């Protein structure tokens, strides 16, 4: 499976086939906040089963960086002069899918489900509707092992919506 992480065409396929089934019904708010999501995808080795990933994305306030070199540096904006270079440095962290491990933390929970992905997705949507949850996004992934790629699609759709407004 690790070679799939190096295959840009496959990752593009996962990205393109991901469906954001439900966006949070309230918009991105200013300041720090949390964006909950539920991702459902087929379990590749067991076609009749699925995987559910529930998590929260921590969102920072909107930060706009000027393209030119005349604007403030990261250190000037955040008062950090020793750790950060003059250039803004970004890091991306993700968990790889572990087929036989149950992974759970405060911000991430991965569980296998006995029903197929479509059936489980319907159950998740019904659960959110019954509980009147409006702040949680729902994502359908074509391959649960690559859920970080599907999350990227979700985040991009949310950001596209925010910056269009």
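Answer yes or no as to whether residue 157 is part of a helix (DSSP H, G or I) and at pLDDT below 90.
Spelling it out, residue 157 is indeed part of a helix (DSSP H, G or I) and at pLDDT below 90.
Residues in region 116-165 that are touching a helix residue (DSSP H, G or I) at 6+ places or on another chain (Cβ under 7 Å) and within 16 Å of residue 46 (Cβ to Cβ): 141, 142, 143.
Sub-8 Å Cβ pairs linking a first residue in region 142-165 that is over 18 Å from residue 22 (Cα atoms) to a second residue that is assigned to a helix (DSSP H, G or I) and modelled with pLDDT under 85, at least 6 apart or interchain, are 145/4; 146/4; 146/5, ordered by first then second residue. Evaluate region 126-140: report whether one residue or more is at pLDDT below 95, buried (at least 20 other Cβ atoms within 10 Å of the Cβ) and in a strand (DSSP E or B). Within region 126-140, one or more residues are at pLDDT below 95, buried (at least 20 other Cβ atoms within 10 Å of the Cβ) and in a strand (DSSP E or B).
Taking residues in region 112-133 that are in contact (Cβ under 8 Å) with a residue 40 or more places away in the chain, and partners anywhere that are in a helix (DSSP H, G or I), the pairs with Cβ atoms closer than 6 Å and at least 6 places apart or on different chains are 113/120.
The values are calculated or read from the model by the stated rules, or taken from the named source; none is laboratory data. Note that the coordinates shown come from a computational prediction; the quantities given were computed from them, not determined experimentally. Don't worry about glycine lacking a Cβ; one is built from the backbone with ideal geometry, like all the others, and counts go over all protein chains shown.
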